[in-house]
Amino acid sequence: MRELAIELMKTAIEAADPYKAVKNSLRVDNEWLEVSGRKFPVRGRIYLLAFGKAACGMSRAAFDVLGGEIAEAVVATKHGYASGCPPEAEVIEAGHPLPDENSLLAGRLGLELARKVKEGDILLVMISGGGSAIFELPEEGITLDELIKTNDLLLRSGAKIHEINTVRKHISRVKGGKLAKQVKGTLVSLIISDVVGDNLEAIASGPTVRDPTTFQDAHEILTRYGLWDKLPGSVRQHMELGLRGEREETLKENPPNVHNFIIGSVEKSCVAVKRKAEELGLEAHILTTVMEGEAREVGTFLGCMIQEIHRRDRPFRKPAVLIMGGETTVSVGDAKGLGGPGQELALSVARKISGLNAAVVAFDTDGTDGPTDAAGGLVDGSTLEKLEKAGVDVEEALRNHDAYHALEKADALLKTGPTGTNVNSMVIGIVGGE
């Protein structure tokens, strides 16, 4: 069961390969650049800006397709993810999930590159998950430490990714379409989505698309999650000026020179897993590609569904494979534990499938689940017994959001290393026969 879960997980990651996604979408023919069937005239220079966890694979594919046509390139990716980046590009490894000095360097270089693009030129932007932290430049007066504190508050609050990005966009000089504002030529973005529902405005906080959110929306989110009074002074001052109309709003209309294309998403990975399971003779079902909610509660629900299938063959007959894609959250609060949404979901589901012929793998497709070295968790019907023998109080571990140390004691941590891509998180549940 565990081996099958790992095989299906590998299928999901391979389906999200960023190099293949770009190679399948990008063409150059004489004086035309073709992207997903859409043609753009090449009258000047072509510049390349790539950022996110899949930036190296995406930019390498662009160089393989366009060759010497690329005049200048800047590539920013997560620390440890630079393997395979094109040698022709200026490569920056930056912080994630929290930005660092290199994130700001990437933001400055990206803005400089965008300003070089004149009429007749093309800026090819390649965006993937993690771009919000990796490619950043705060508004004037906001320091890196203050930006990090704000991001940390948001990430620990339990806010959904689109809510987090609404705030991020209003304290940044590159997000919310502000990068696109700098480009006078043609801007073409190839995007690998890591956002539930593939909402363009939310992917990497939408640097090349219009933003429908406002300072007022950001203020309401910060208030709802009890963060307004916890914000650093400079961030709150900037937001207050924005609320009074004294700071620049994000881009509100898509300019005619800007074109965005989604070339990869978790939906493609879910379909690939379903196809692979069926090739292996198993009935497979995609439950959702827009999974959201507290990781612990999603795990409880999935465990209950597996019980129902195992005992009563409903809503599906066993053996069966259940597939979900999306992004769960963990409301950490003041807890001091270590883990990530995938690990917490796996620990939660382990309580419900104890003793059953079943396995569940919950993982982040980029290979990093939360601030840990694990991609997620892999549990089966024997995991709970192993945890109890190791002296782990599962309920206490869940309360403390300490899934990492709990799963570690049951040999249930999943470690893949960097995968070079990022299309949300996924959960694959397998229900065997009696």
query: Roughly what would the spin-label model give for ASN254 and PHE301, points 7 Å off Cα along C-beta, in nm?
result: 3.0
- line: Spelling it out for GLU72: with amide H atoms placed in the peptide plane at 1.01 Å from N, the residues 5 or more places away or on another chain with amide H under 5 Å from its amide H are LEU48
message: Give the lysines whose C-alpha is closer than 23 Å to that of LYS386, dropping any in the same chain fewer than 8 places away, or say none.
response: LYS352, LYS409, LYS415
task: Give the ranking of THR77, THR143 by solvent-accessible surface, highest area first, calculated with a 1.4 Å probe.
output: THR143, THR77
field: ALA335-ARG2 pseudo-label distance in nm [points 7 Å out on the Cα-to-Cβ vector]
entry: 2.4
- prompt: Can you work out ³J(HN,Hα) from phi for every residue in region 52-58, in order, using Karplus 6.51 cos²θ - 1.76 cosθ + 1.60 and θ = phi - 60°, giving whole Hz and x for Gly and Pro?
  reply: x, 5, 9, 4, 5, x, 5
Calculated over region 129-176: convex hull of Cα atoms, volume per residue (Å³): 71
message: Checking the table LYS20/LYS53; LYS149/LYS184; LYS20/LYS318; LYS78/LYS118 against a 27 Å threshold on Cα-Cα, which pairs fail?
response: LYS149/LYS184; LYS20/LYS318; LYS78/LYS118
query: Could you give the alpha-carbon Rg of region 291-434 over 2.2 N^0.38 Å, rounded to two decimals?
result: 0.97
query: Just by accessible area at a 1.4 angstrom probe, what is the order of ASP152, ASP380, ASP145 from largest to smallest?
result: ASP145, ASP152, ASP380
query: Hey, what did the chain get for relative contact order, percent, Cα under 8 Å, at least 6 apart?
result: 17
task: Mind pulling the angle between the C-alpha long axis of helix 233-243 and the longest principal axis of the chain? Nearest 10 degrees, somewhere in 0 to 90.
output: 70
message: What does DSSP give for the chain in terms of the percent of beta bridges that are antiparallel, rounded to the nearest 5?
response: 45
- request: Determine the share of the chain's accessible area contributed by carbon and sulfur atoms, expressed in whole percent, with a 1.4 angstrom probe.
  value: 45
query: Roughly how tilted is helix 215-224, in degrees to the nearest 10 and between 0 and 90, from the longest Cα axis of the chain?
result: 20
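Beyond 31 Å between alpha-carbons counts as too far, so tell me which of LYS160/LYS336; LYS10/LYS169; LYS39/LYS181 fall in that bin.
Check vs 31 Å cut-off fails for LYS10/LYS169.
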query: Where only protein heavy atoms count, and the probe is 1.4 Å, what is the accessible area per residue for the chain in Å²?
result: 39
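The values are calculated or read from the model by the stated rules, or taken from the named source; none is laboratory data. All of these numbers come straight from a predicted model, not from anything done at the bench. With ideal geometry, Cβ positions are generated from the backbone for all residues, glycine too; neighbour counts draw on all protein chains shown. Only protein heavy atoms, including side chains, enter the accessible area calculation; ligands, DNA and RNA are left aside. Shrake-Rupley method; radii C 1.70, N 1.55, O 1.52, S 1.80 Å.
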